[in-house]
Amino acid sequence: MVEMEKAYILISCEIGTEQNLFEQLQSIPEIKTGMITYGEYDIVVEAETEDTEKMDQLITSKIRRLGKVRSTITLRVTG
């Protein structure tokens, strides 16, 4: 069985854009689940990729380039 790279990504976005951004995130195949939250971060998603390099590409080329994303924090899952 192949070990997948898994991470939780905390996303901060511009006020009032949470729902639209969440809908855009749901269309990305590597995003497995997600939720809109209250607090310092507006959205939390769970992502899975084949390896670390693909996770980096997901975050930098897909998530961070979506309009209205202010910042991300990645929590890599081990074990």
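The values are calculated or read from the model by the stated rules, or taken from the named source; none is laboratory data. Keep in mind it's a predicted model, so treat the numbers as computed, not measured. Ideal geometry is used to build each Cβ from the backbone, glycine not excepted, and the neighbour counts take in all protein chains shown.
Key figures
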quantity: Pair list, Cβ under 6 Å, 6 or more apart: the range 19-34 residue within 14 Å of residue 67 (Cα to Cα), other residue at pLDDT below 95 and of a type in the set (Val, Ile, Thr); calculated: none
quantity: Filtered residues of the range 54-79 (kept if on the phi > 0 side of the Ramachandran plot and touching a residue at least 12 places away in the same chain (Cβ under 8 Å)); calculated: 68
quantity: Within the chain, strands (runs of 3 or more DSSP E) holding 1 or more residues that are touching a Lys or Arg at 6+ places or on another chain (Cβ under 7 Å) and surrounded by 13 or more Cβ atoms within 10 Å (Cβ to Cβ); calculated: 5-13, 43-49, 69-77
